[in-house]
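A.B. asks: Below are the structure tokens for one structure; questions will follow.
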Amino acid sequence: MLRLRLKNPVPAQLSHHRPVPHLAPDHPWKPRIDPATNRRFHVVSLPQEDGSFVASVVEAPGILVYDESRRSAEAKAARKYLRGPVPHAYRNHQLAQTRTVTVDMEFDEETHSFVTYVQELHRMSTFGESELKALDNTAEMIRGYTKSMEANHKRIPLTKARLSTLKRVVGMR
């Protein structure tokens, strides 16, 4: 039985023996995780005919960075991506994670906005420019609806337990 033992890091002439090839500095595809925000993304860098490199972020194809070295092109593309908004931040919104109410969201082509409907509260509706803004507006709408219904001594169509959970989710009391 033959065991090939390689020192870490693996020399360039033995790069085909690397256990994780995308960690090689000259590999075009590099997965990244931003330590501050835990955002995961992938940077792709390719050589150009003039010897420079172009780097792009797979999750944001509009980002293209040209530079003299692969490392600096990748670093600039990553910084540019991390300065932008988090594309799926709405998934961490409390209304998106609660099971107290059902929030339906759809994109309206005419107004270029996201429209939300709260099923349990008479299909109340609001909108926002992004998914996150729409959920923030929905939370504000629920707060206003709840205060108005309680002030006018009207019945809210939720059980007491679900109503108290909903109030906590939208930031009341």
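A.B. asks: Amide H of GLU120: which non-local residues (sequence gap of 5 or more, or other chain) have their own amide H closer than 5 Å, using H built in the peptide plane?
C.D. replies: Sorted by chain and number, the residues that satisfy this are THR102.
A.B. asks: At 1.4 Å probe size, with every protein chain present, just tell me what the per residue accessible area of the chain comes to in Å².
C.D. replies: On a per-residue basis, 70 Å².
A.B. asks: Cα-Cα pairs above 16 Å in region 91-162: how many percent?
C.D. replies: That tail contains 48 percent of the Cα-Cα pairs.
A.B. asks: Another question about this same structure. Can you give the extra length, in nm with one decimal, that the chain gains between ALA89 and TYR117 once fully stretched, where that is 0.36 nm per residue apart less the Cα-Cα distance?
C.D. replies: 8.2 nm
A.B. asks: For region 101-144, what % of the accessible area comes from carbon and sulfur atoms, probe 1.4 Å?
C.D. replies: 48
A.B. asks: Given the rule -39500 (n - 2.57) for each run of at least 4 DSSP H residues, summed and divided by the residues of the chain, what is its mean residue ellipticity at 222 nm, to the nearest 500 deg cm²/dmol?
C.D. replies: Mean residue ellipticity, 222 nm, calculated: -9000 deg cm²/dmol.
A.B. asks: So which GluC sites (Glu not before Pro) in region 59-90 are both in a DSSP loop and have at most 15 other Cβ atoms within 10 Å of their Cβ?
C.D. replies: Sparse-neighbourhood loop GluC sites (Glu not before Pro): GLU59, GLU68.
A.B. asks: Further question: With each pseudo-label sitting 7 Å past Cα toward Cβ, what's the ARG99-VAL54 distance in nm, one decimal?
C.D. replies: 4.8
A.B. asks: Whole number please: convex hull volume per residue, Cα atoms of the chain, in Å³.
C.D. replies: Convex hull of Cα atoms, per residue: 207 Å³.
A.B. asks: To continue, here is another question. Please report the relative contact order for the chain, taking Cα pairs under 8 Å with a sequence separation of at least 6, and give it as a percent rounded to a whole number.
C.D. replies: Contact order relative to length: 10 percent.
A.B. asks: Run the count for the chain, please: Lys pairs, Cα-Cα under 17 angstrom, 8 or more apart or on different chains.
C.D. replies: Lysine pairs, 8 or more places apart or on different chains, close enough: 5.
A.B. asks: For THR165 and LEU82 in one chain, what is 0.36 nm times their gap in residues minus the Cα-Cα distance, to one decimal in nm?
C.D. replies: Full extension from THR165 to LEU82 adds 26.5 nm.
A.B. asks: Can you compute the modelled spin-label distance between GLU109 and HIS153, with each label point 7 Å from Cα toward Cβ, in nm?
C.D. replies: 5.0
The values are calculated or read from the model by the stated rules, or taken from the named source; none is laboratory data. Just so we're clear, the structure is a prediction, and the values are computed from it rather than from any experiment. In this analysis, Cβ positions are derived from the backbone assuming ideal geometry, glycine residues included, and neighbour counts consider all displayed protein chains. Remember, those area values only see protein heavy atoms, side chains included, never the ligands or the DNA or RNA. Shrake-Rupley method; radii C 1.70, N 1.55, O 1.52, S 1.80 Å.
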